[in-house]
Every structure is written in structure tokens, then in C-alpha cells.
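J.: Below are the C-alpha cells for one structure; questions will follow.
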Number of protein chains: 2
Amino acid sequence: MQPLMNPRSVAVIGASERSARSARALRNLTAIGFQGDIYPINPKYEEVLGHRCYPSVAATPSPPDLVILAIPAASVPEVLAEAHEAGAKAALVLAAGFGEAGEEGRARHQALTALAAKGMLICGPNCYGVLNMHARAGSWGGELPTPFLPGNVALLSQSGGTCGLITNPLASQRKVGFSYVVSCGNQAGVAVEDYLNYLVEDPNTEVIAGFVEGFRQPKRLPGIAERAKALHKPIVLLKIGRSPEARQNALTHTGSLAGDAEIMDALLRQHGYIQVHSLDDLNETIALLAVGKDQPAGWRLGVFSGSGGEVGRVSDAAQDAGLRFPPLSGSTIRDIEAALPDFASPQNPLDGTGAIYDYPEAFPRVAEALLREPNIDVMAFNLTALQPHGSGRAPQRGFAAHLANAMAGRPRRGLVVAYGSLTLGALDTETVDVLREAGIPYLESAEKGLRAIAGLARWQEWLKVPFPSQRERVGEGRLGTASGILPFLEAKRLLEEFGIPVVPSRLARSVAEAVEAANELGYPAVLKIESPDVLHKTDAGGVRLGCASAEAVRDAYDGIIASVNAHAPSARIDGVLVQPMAGAGVEFILGVKHDPLVGPAVVAGLGGIFAEVLKDVSLRIPPFDEREAEDMIEELRGKALLRGARGRPPADVKALTQAIVRLGELAVALEGQLAALDVNPLLVLPEGQGVLALDALLQLR
Amino acid sequence: MQPLMNPRSVAVIGASERSARSARALRNLTAIGFQGDIYPINPKYEEVLGHRCYPSVAATPSPPDLVILAIPAASVPEVLAEAHEAGAKAALVLAAGFGEAGEEGRARHQALTALAAKGMLICGPNCYGVLNMHARAGSWGGELPTPFLPGNVALLSQSGGTCGLITNPLASQRKVGFSYVVSCGNQAGVAVEDYLNYLVEDPNTEVIAGFVEGFRQPKRLPGIAERAKALHKPIVLLKIGRSPEARQNALTHTGSLAGDAEIMDALLRQHGYIQVHSLDDLNETIALLAVGKDQPAGWRLGVFSGSGGEVGRVSDAAQDAGLRFPPLSGSTIRDIEAALPDFASPQNPLDGTGAIYDYPEAFPRVAEALLREPNIDVMAFNLTALQPHGSGRAPQRGFAAHLANAMAGRPRRGLVVAYGSLTLGALDTETVDVLREAGIPYLESAEKGLRAIAGLARWQEWLKVPFPSQRERVGEGRLGTASGILPFLEAKRLLEEFGIPVVPSRLARSVAEAVEAANELGYPAVLKIESPDVLHKTDAGGVRLGCASAEAVRDAYDGIIASVNAHAPSARIDGVLVQPMAGAGVEFILGVKHDPLVGPAVVAGLGGIFAEVLKDVSLRIPPFDEREAEDMIEELRGKALLRGARGRPPADVKALTQAIVRLGELAVALEGQLAALDVNPLLVLPEGQGVLALDALLQLR
């Protein structure tokens, strides 16, 4: 990646003072202080913007590390091939007009992909490029970040125009600096995952922020997360694409319950990527992480404000963000009582009232007491950093200085932040700078600030969880050359191989075999049609429950065959399955959905109305461990049913957890072959009695 | 309200150049250009800040309309009583230390309440007061809004410190002006509802914005809304207090399903109050309403941006806000194709690509085409109003000028907005001003902007709905002097009086009576204990279903009496209810909860796990009409069950709707007496067959 991320020499193809695009790329190189060789390429000129100009890449004194293509899309494939021939190792393609622009565009895109396959590092097309802010190297086709402030945050954005919206406010208002700014466009060559992989290892980068429209190789994300975890580098992502996309038309039920966006979301969440849902939140989270990522956070929040209104608002915001207000301990209460007048109540969140303005010693005394409070994980001071106006008053500057003092002497670690009641954008940087020097990130608005803190707390929790180790394979999952819908008994064998119990079943091909099977398995019996052509067995009259006698089994067998023949005359009938009636339990549904990029995803939900009416399911990408499976159950709105709601006995949640993990193992083992799988219903029996799959539909590719 | 909202003379009690609070109040009067008489009151001085000072309110040349009390809380009651004696009609109490400060504070609060009862208009305590921005009158204890910009928005905030956070950014960045700024504090006298009532009628006020911690007289809110609707004045509220409050411990089931916050929320939503959940969103909504409230909005959104990244983000934001992107019509597509290069796709949301910067005619041509598009209700142009930096470029100024031109010639009405991709706070006001002049509100961030638009669209829909007319009373609801738990047959009579069918029931006091009742009502029969002391009948063994014969009824009767005697030996047993078994239907739960301030609230939800496990209920304040009842059903997550999910026939939603409306009528008729009511279950029978209440628990006060 070096020729792209830290090039020693750069050629600008199509260089001309009259082409705004090429001139900007050239001027940017000078402006950032690039120390390597700069080669404008244009047969028409001897010199461009003070640099000696060359007729072709081949004519440069030595092959450039990187070429910038400031030419229209139509010429790009040919010119880029020549540059590759001439020894250029990396390229930045600025123009649009590739994959998104009809058939010709797609052909151009494929030409780039082919060059990338030969080893050329292609950034773009339709992007601004790569800025290495510390080395002052790279290539940039847009306006430079203003101010140009090197720092510890790497920004990766497919969209070029979005980069400045992130760097400029953060650098100017909160002195957040950047290690890299990368606009990677349509990823014809180097993919988002390649950049992430590089940035995680970059020594100047401590925080990675991404604005991503689509991943190309999401299977690499867990591995990247593992390295990021080892190096304690958070990755915060604004991933768009949650809006209505056609959900895959799937044969299986769970298939329709999980869209592509949900699968991507599960993958990211599971692997510690911090997700945000707006540019505003992205910037706020970056501001927090850039200063505070290594300070221990948590869910117990303390708030101190001079405004009763703020104290009320922040309570709602904390609830929405999942943070809570612990009660203060006795000694803190006494310290606060000593520092504030009677009409202030010593509680959390704490309203210091106008007293913090009227009595100069009140704020520092209270602040010190709160920084000592052991029940608080994250202490947030409400200082709205309004720029001084008419009156010239800026009381928050005094408070910031007090806080900086208090931080020097505070007895314990733990995240401390300051925040404004709302987003002002234009902050009093004098206040913000003093706080930042003291290790206190300044956040805008309670709502955004607390969401960012919750994201940090969740990430720090994830850091403590061991990376899911390679589990011992519980099953082999050999399938031979089968394809399409697997016969039930085959699916049963496979589930059992992976440790998921399935109801005893016999396939009967005649009335006599059915009665024999029922005699053996016990009454009452259940009979079900077995046919690869009948997926909705009940609708086809293919299921009979509670057959209490041999007589009833005979009736049921004939009835099923007749119904199915009437309902689906051309269906191939393989026989009738005979099973014993199962006992009482909670109906669950487990499934596997295959995503073309991510691979298998495990879907879990309560059966019946929960899955069908409420779409109440949770999702994980296997392999995962029991902790994740427990979380999957915890995420279900109807989870109380498993705990024994409505007079039922508590269900065997432990066995369910194991079954979910094992279904994940099965999905991994069969990844190449499995198209979809439904275990529906999986009966969760009372505690200590396990689970029992009553039906399964397994579709191979 | 005139002496408070537009005083002709103001006295400042406790005036002194050494008291910051009184000096600020005095200086503010001069600073705003107050033309009335100003009387500093202090026996120690002849003159304060250039005004002649008086020893007491009684000594002023004429009784002042308003007195400002810039003195500590402890002296307030006595001094205020004197001022009232001396003829002052209104008062502003700045100090804290009343209701929130222990027993002494509460006594002071009561002293204020008593004076208010005598007709004095008391603003506060613990507040900044009232600023009449157009008349340049009133009284203000805090820093004045900067800039001081009279306009069409009235701001009402209990918290004083919050006022500046709303007025200052809006006035300075977006030229939003204010008619009134009111900080009303603890409402010892004049309540939030009084101010709202006044502001709705104020001719200078077109939009009302409130930051409210608690309503004192919420029953007045529907009436205020009715006037606001007639005058087309939107009221936007940030109401805090959603965080965990102890939910009322209620005897009835529905009681525990609806907290105080939910009841308040229902009342506001039902009556067209626009609710927001952060200061950021409050400001954004004010910015929209101040310019665009009378422009027709709607749910079909058009977006035009120069950034592909923005187009992706705004799609997610629109989905979250409930807005949708209609397809463009053929002629618009042709116009766009003619104006943009091939690589731009003519779709909605529209990415104009870099072409809008490269081709000067592209933006205006596309903008005009989009403003003509009939499928679009609200057209949003993405122009991030960055202040020009280093390069001095500010392309959005050119775009703003184009838009202003296009607006002059546009063929149809409809809301047009411009918005930035994220919150910058410090905007390029040159851009914003041009847009505003052209009737285009400028909004910050897609997420906040689209939420504000959705709020406006919902409000405009509400404007079209007739105010619920006084319905003909369907029942009398006479209850006599009953109290406590009403006997079932009494509750049945009452429900039936209001048109809610209840299962036929007889009270049997012996086995023989039970058999006689069953013979008459038909088999199978249901038997249930009737006792004011047994509320959970099933738990006490007090219910037997499906008694198929006289024999079974006998068994059931004896069994019930024995079980209940064993389970609750001291329970008074009034007999056993005999009912016929009901047919199949969807179990629903309907209830009434009484809120001490709001009055009765009707709670509706699907029975079983939906209510018990998922808390899936909706809420309205009666009286309401069938449209609201339909919305209540629509809000339920499990509503698909009523439409015939899982192989059931569609349920009689029409009859359910009527039953909900009628329960509302009953709740209104019995308001003085009803503590709580559960109809659980209400069986919703298949279409055309109505509903049937199977049980009811009615508790009187």
C-alpha cells in the first residue's frame, strides 16, 4: 500500500493550468509540502505551474509511485494501462463515469478491475484520493482540509465531498487532527477493507472513522477488528443503506426476516465497530474518541449543570442512550451541601443553580467532589461554550480552568467530558482548548454527546471480551452431492450431528409402515407429508396432529396422501413422516440465511406471531459463542415468554443458547453449500429438558 | 395578562447598583428601550442607575403595573404582599428557593399561590420573566437575547438559562425573530397554559415554541389547541420527563401499562402539538416554522444534492422521519437529462454530481425542473452553508441566488427548503438570508431537517381534521353512591348502556341456580367467582371453562367455592357468575386510567402476550372520534392479528373502533367517579359479528 498511502513520487496525467482538476491536484501537492518528485504529464507543455512537464509517464526520470488521472473517464483505461506498463505502482482516478454510467461505464470499470488484478493499487474512480497528513504526502483532488491539522484520527470516506464536512469543523472548532484523509470512491481497485486494514496498523492512527456506502469484502471485517482490538483502536462507521431495499425473496421464512442491511449491521456490531447514524453523530463520536478513547467509560453517568432545565433534559437523553444516573455517596453529598446554598439539591444529575455563577468557590468544590465519587463511571460537566457576545461574559472559561486544575489532582481514572446543551457549531475555542489540554473532550448537545459516550462504553466492553476462538468443530457436515431441498431425515441427521436434537421420525411409505412406526414411537402420533415439492405442509393438508390410535394413523395417512394429491397433483411424494407428539414448550424459530458477501447469518426468534407478525428476530454472523447467543435471546422483545410469562414454567434457555451456537457451527461448516435453513419450530422445553426441533427445511445451492 | 405581558410601568424592588440581579433588570429595561415609567425601590437610595428611587411601592407616583422582586426568597412573601396592597397588578419573582427548597420553601410558594388567588399575576419564582420584543416592554432578569430581533416566534421556557440557547443562535444565524420570550419558572401564579393561551391570541405571534418541564392545568390544552388551529398557529414543544418515573401502582392492568409521560404525550399528539425531543430539534423546527409554516408540506420528498454521499445519507434519514421519495415524472426526467451529463442518473433523490459546479447552467435548469414536478410535496435542496474559508469559494451563494430566482417563477405552491448535510452552527448568513427572503427556510442536517418537515406535515394534516365535536351522549353513566370495585353485573349494565356488548351472565348463589342459569344460557358454560376481594380469579381457582353439562356445572360451582375459600378464606363471596362459552375471536384489552391532572385516558391493546409481555398498547384522551380510535389500532405492533394473520378470519375492526370510542364516552361521563376500568378480554369476533366483553373490572373512587 505504500505507493498509494505514502508515495515518494507523483505524476499528474493531463496536467494543465487550464484544467481546474489537474491544477488543483498539482497545487495541493505543493500546498501540503510534498517533498517527493512531482511530474506533470502532458505532451503539449514544457512546464506546468512551475514543474517540468513530461510527454508521458514513460518519459519521467524514474517510474512514479503514483499517477493521478485528471482526465475524462473515457480515456482512463488506456492511459492507465500505459502508466502501469511504464512502472507506476498506484493510481488515483478522479473522474466519475464508470460503474454508475451505463454499459460503457461498466466496461471502463472492468478495465480498472483488470489492472488492479495485475497488482496496481487503484484508488477510485469518482473520488478525491489519499492525504497522508503527517508525511505530507499523497494525492488529493478536492479542496484541502482547512485547517490542515495532522493528528490521531484517520478518516475514510467513499464520498469526497463529505471529507471536508468532517475534517474542517472538527479541526477548527475542537483541534481534532487527522493522520489520513482517504476518499476512496467506487473501489474499482483498493477496497474499503484494504484501507481499514492499512490504517489499523498505521502508527500515527489511533482512531479510525469511516463513511461507507458499501463494503466489497465484508468477510475481512472480523480479522480487521481483531487487529484493531489488539491495538486498542476504535473504528467508528457511518454506514448508509438502511432504507427500503428489496429484501431477498427467499424460500425460507427466516430469509425474509433479515435484510442485507440487518446482516451487515449484525456483523459490525458483533465485531466492535461503533456505528452511528448521522454525520452529526459521526463528528461527535470522533471528537470524543480522539481525546478520550483510553479513559475508562461505563454506563453510570454523573452530570453537573448550572441549569435546572438542562438537568431535566439530560435525564431524558441519558435514558435514550442507555446510560443511568447512580445515586451519590454520602461523602459526596456532604461536600456538595457544604459548597452550594440550601435550595440546591445534592443529587445526580446535579443542578448547581445560579449559585455556581454567584459564588466563585462553589463550582471548583463541587467539581472536585464529583471527580472523587466512586459510583460514577463518566462525569459530564455541562458548559455551553457560547462565544462571548455583547456583554463579553464567558463564565465557562473560568469553569474550564477549574476543571483543568481539578483533573490534575483527581484521585482516580475515568472518563470526564464537558458538553454543551445544544449544537452551536461555532464554539468558544478558548474554553474547548483548555479542556482538551486537560484530557477532557468537549461534546456538543446532551443527546449526541451521550450517544457517543454509550458507543465508547460499548466498545470498551467489547475490548474485554476474548475474540471468539476457533471452536472445535462439533460436526463434519458432509453432504455429498445433494442439492435443492434436503429430505427431512437427512436434515435431521445433520442437525443431530451438530448437537441439535430433532424429534424421532420415521418415513412411512404405506399405511402399514405408518402404523408400525407409530406403534414404535408411541401415541399420540403426528403425520406429515414428505415431499420436496410441498414446502407449506399445513396449507396442503399434509399434517395431522394427535393421532391417538392405529386407526387414526391409518385415516391420517390416507387423508394426507389424498389432500396433497388434490392440492399439488404433480408433487413427488416420498412418503409420510411419523413422529410422536411433542410435549409443551415455547415455540422458537432458528434459521440460517446466506448473504452473498458476508456468508451465513443465523436468525433467531420466538415462533408464531413473534416472528410472523412482529418480525421480532435477532441476528449474528457465525461463528459466535454462547455470550453472543445469550445476547441474541436478550434482544428479543418477547424474551419474557422464555422466562415463564403467562403462567408457563421457565424454558430451557441454556439448551436454547447451545442450539443457537451449534446452528452457527453448522452454518460455518456448510457455508459453501447451504442456501438457507429453517428450524421451525424449535420447541424450547421446560428448564432442564432441552430443546427439540420439530421440523426443518434445509435448502442447498 | 396585560400588566405582565405589556406593562406600562415597572418597579424594581431591591434596586441597588451593587446587586447584580437588580442592576441587570434595570439596565435591561433601558437597553430594550422601555418607554413606560421605571421605579427603583429601595429606602437606602435617592437614585439608582440614573432613575429616581422610591422607598416603597406605595410611595411611587402611581401604582406600577409590574414589580420585579430582585430580593432573596425569604423576604419575597412579605414584600410581595405589600406591593399587592399598594396596587401592583403583576410581579416577577427572580429568586430560587421556593417549592424545591424544603418546608420553608414550600411555605413561601404557598404565600405566592395565595396572592395569585387574589388576582395578582405572578411570574416565577426561579425565572427570568417576560420580554415583549415588539412593544419593547416587560421585565427580564437574565442576559438579553443577542441579537435582539423582534419577529413572529413566541418562546416560552420554564428555564431562564435555556432561552438564550434558543433565541441567540436562531436570531444570529437564521434571522428568526421573536415576539415574546417568556421564562416562567415554577409557575406559582401564572401557569404555562396561561401564557400559551395569551400567546395564541397575540397578533405578533405566528409560531409558539415551548420548553416545558411540567404542565399545571393540562386540561386546558385541548381548548388552546382549538384556538391555535383556528388561527393556524403551530405550537412546538420540548416536553421533558420521559425518563423512568415510578409508574402508578394500579389495581388494573391497563393502569400499569400507561405512565404519566405517555398520557401527556397522547394528549399533546392528539391535539396537534408538535413534539420534539432535543434542543437541537426544537431550534430546527422553529427555523422551519418561522418561514415555512403556511407552505403546503406533505410526505413526498424531493432532494437535490451535488454529493452522492449525501444522496445515500438522506435516504436513510427520510426513512427514519417517515418521508418517502416519489419517482419523478417523465418530463422532469427529460429536463434533468438535458441539463446534466450522462453519468448522472435522473432519479429522486437526485445526485447532480460535480457537474453542478462545472456547468453553471446545470443547477438552475435542474432546480426549475424539480420545482415543477407535481409528484413532490416538499422539495429540499442540499446546500451546506459553509462559511467561505481559505480559497474564498462559496458556491452555495450562487445556488441560493438561482433558487431565489426560480422561486419567483415557480408554477405551484409547496414547501421548498434548503439544508446542510450536517450541523455547522456558524452558517454563511449571506446564503441563508437570500434563501429566507425567497421564502426558503434553511435547515441544518438532513436528519433534523427532515424530522422538522415531518412535524410540519403532521401538523398541517391535523389542521384539516375537524375538532372533535361534542358528541351526543350515548349513556348517562349514573352510578349512585357505589364505591370500590363494582359488581360485575353492574359493570356489565354500564358498558351495555354505552353500547359495548357484554357476554350474557347470571349470578348464581347456589348449585341449583347455577344449573338453571346454564340451562337457560346454553352449554358449554363458563363459571367465574364473583367477589370484590378476588381480582385475579384464575389464580384463585375461581374460573371453570367449558362446562358441557349440568353435572359439570355442579362440579364447577362446588369446586370454585372450595378453591376460593382455600385461597382467600376471608374473601366475601357474592356468588358465581354463569356465562355461555364465547366463540373464537381475537383477544383485546381495553381500559381507562385516571390521571390526576389530565383526567381519564383510554388504553387499548391486543390481549395476551401483546399487552402482558410486549406492553404493546396505544393511548388517547377522551372524548375522541372513530378516526382516533382507528389510529389507536393502527399504532399497535400486533395489529396484523386483527387483519386475519395466521390463518384466522379478519376480525370486526369496525365494531372494535366503535367500542373504543364508546369506552371514551363512558370515561368522560364517569370522570368524577371512575378510578380505573379494565375490559379484559374484549373478544373481537370475525367481521360482521361485533365485539363481546367477557370480563370487566371497574373501580370507583
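The values are calculated or read from the model by the stated rules, or taken from the named source; none is laboratory data. The structure presented is a predicted model; accordingly, all values stated were derived computationally and were not measured. FYI the Cβ positions are ideal-geometry reconstructions off the backbone, even for glycines, and counts take in every protein chain you see. Heavy atoms of the whole protein, side chains included, go into the accessibility calculation; ligands, DNA and RNA do not. Shrake-Rupley method; radii C 1.70, N 1.55, O 1.52, S 1.80 Å.
J.: Of the numbered conditions (1) within 14 Å of chain B (Cβ to nearest Cβ); (2) under 26 Å from A:L323 (Cα atoms); (3) out of contact with any Ser or Thr (no Cβ under 9 Å at 6 or more places or on another chain), A:P388 satisfies every one except a single condition; which is it?
T.: (2)
J.: Just one of A:E496, A:E430, A:E490, A:E476 is free of Cβ contacts under 8 Å to residues at least 40 places away in the same chain and over 22 Å from A:Q173 (Cα atoms); which is it?
T.: A:E496
J.: Pick from segment A:518-532 the residues that are over 13 Å from A:Q579 (Cβ atoms) and touching a helix residue (DSSP H, G or I) at 6+ places or on another chain (Cβ under 9 Å): which of them is least open to solvent (accessible area, probe 1.4 Å)?
T.: A:S531
J.: Of the residues in segment A:598-617, how many are within 14 Å of chain B (Cβ to nearest Cβ), at positive phi and among the small types (G, A, S)?
T.: 1
J.: Hey, A:T285 hits all of (1) more than 13 Å from the chain's Cα centre (by Cα); (2) modelled with pLDDT under 95; (3) not in a loop (DSSP other than H, G, I, E, B) but one; which does it fall short on?
T.: (2)
J.: Then there is this: Would you be able to tell me the number of residues in segment A:146-160 that are of a type in the set (G, A, S) and within 10 Å of another protein chain (Cβ to nearest Cβ)?
T.: Residues meeting the conditions: 3.
J.: Looking for whichever is basic (K, R) and buried (at least 20 other Cβ atoms within 10 Å of the Cβ) here; the options are A:R216, A:R174. Which one fits?
T.: Unique residue meeting the criteria: A:R174.
J.: Would you check which residues across segment A:131-145 are open to solvent by 50 Å² or more (accessible area, probe 1.4 Å) and within 14 Å of another protein chain (Cβ to nearest Cβ) and list them?
T.: The answer is A:E143, and nothing else.
J.: Would segment A:310-319 turn up any residue that is touching a Lys or Arg at 6+ places or on another chain (Cβ under 8 Å) and open to solvent by less than 20 Å² (accessible area, probe 1.4 Å)?
T.: yes
J.: Can you name the residue in segment B:324-351 that is within 12 Å of chain A (Cβ to nearest Cβ) and closer than 16 Å to B:P374 by Cα and is also most open to solvent (accessible area, probe 1.4 Å) among such residues?
T.: Here the residue is B:R324.
J.: Just checking, does segment A:384-407 include any residue being over 28 Å from B:T167 (Cα atoms) and assigned to a strand (DSSP E or B)?
T.: no
J.: Tell me, please, whether a residue that is of a type in the set (D, E) and in contact with a strand residue (DSSP E or B) (Cβ under 7 Å, 6 or more places away or on another chain) can be found in segment B:650-661.
T.: Yes, there is a match, as at least one residue in segment B:650-661 is of a type in the set (D, E) and in contact with a strand residue (DSSP E or B) (Cβ under 7 Å, 6 or more places away or on another chain).
J.: Would you list the strands (runs of 3 or more DSSP E) that sit entirely within segment B:467-583 and hold 1 or more residues that are touching a Pro at 6+ places or on another chain (Cβ under 7 Å)?
T.: Filter on segment B:467-583 gives B:525-530, B:543-547, B:575-580.
J.: Which residue is modelled with the lowest pLDDT, if the candidates are limited to segment B:211-244 and must be at the interface with another protein chain (Cβ under 10 Å from one of its Cβ atoms) and part of a loop (DSSP other than H, G, I, E, B)?
T.: By that ranking, first place goes to B:P244.
J.: Which of the residues belonging to segment A:106-127 are in a loop (DSSP other than H, G, I, E, B) and either out of contact with any Leu (no Cβ under 9 Å at 6 or more places or on another chain) or away from chain B (no Cβ under 14 Å) (or both)?
T.: Result: A:K118, A:G119, A:M120.
J.: Let me ask something additional. Which condition from (1) open to solvent by less than 50 Å² (accessible area, probe 1.4 Å); (2) touching a helix residue (DSSP H, G or I) at 6+ places or on another chain (Cβ under 8 Å); (3) of a type in the set (A, V, I, L, M) is the one that A:A582 breaks?
T.: (2)
J.: What about A:T423, is it open to solvent by less than 20 Å² (accessible area, probe 1.4 Å) and either in a helix (DSSP H, G or I) or among the β-branched types (V, I, T) (or both)?
T.: yes
J.: For segment B:82-105, name all the residues that are under 22 Å from B:G214 (Cβ atoms) and in a loop (DSSP other than H, G, I, E, B).
T.: B:L94, B:A95, B:A96, B:G97, B:F98, B:G99, B:E100, B:A101
J.: Among the numbered criteria (1) within 12 Å of another protein chain (Cβ to nearest Cβ); (2) farther than 30 Å from A:L619 by Cα; (3) polar (S, T, N, Q); (4) open to solvent by 10 Å² or more (accessible area, probe 1.4 Å), which one does A:Q295 miss?
T.: All conditions pass for A:Q295, except number (1).
J.: List, please: which pairs have Cβ atoms under 8 Å, are six or more places apart or on different chains, and start with a residue in segment B:161-189 that is within 8 Å of chain A (Cβ to nearest Cβ) and end with one that is of a type in the set (D, E, K, R) and crowded, with 24+ Cβ neighbours inside 10 Å?
T.: B:G161/A:E310; B:T162/A:E310
J.: Looking only at segment A:647-657, decide whether some residue is within 14 Å of chain B (Cβ to nearest Cβ), of a type in the set (A, V, I, L, M, F, W, C) and touching a Gly at 6+ places or on another chain (Cβ under 7 Å).
T.: yes
J.: Restricting attention to segment A:428-462, and to residues there that are among the hydrophobic types (A, V, I, L, M, F, W, C), away from chain B (no Cβ under 13 Å) and not in a helix (DSSP H, G or I), which single residue is most open to solvent (accessible area, probe 1.4 Å)?
T.: Only one residue tops the list, namely A:A438.
J.: Right, something else. Taking the options A:G425, A:G398, A:G354, name whichever one is within 18 Å of A:G306 (Cβ to Cβ), at the interface with chain B (Cβ under 10 Å from one of its Cβ atoms) and not charged (D, E, K, R).
T.: A:G354 is the lone residue from the list that is within 18 Å of A:G306 (Cβ to Cβ), at the interface with chain B (Cβ under 10 Å from one of its Cβ atoms) and not charged (D, E, K, R).
J.: Of the residues that sit in segment B:114-130 and are open to solvent by 10 Å² or more (accessible area, probe 1.4 Å) and without any contact (Cβ under 8 Å) to a residue 60 or more places away in the chain, which one is nearest to B:A90 (Cα to Cα)?
T.: Among residues in segment B:114-130 that are open to solvent by 10 Å² or more (accessible area, probe 1.4 Å) and without any contact (Cβ under 8 Å) to a residue 60 or more places away in the chain, the one nearest to B:A90 (Cα to Cα) is B:G119.
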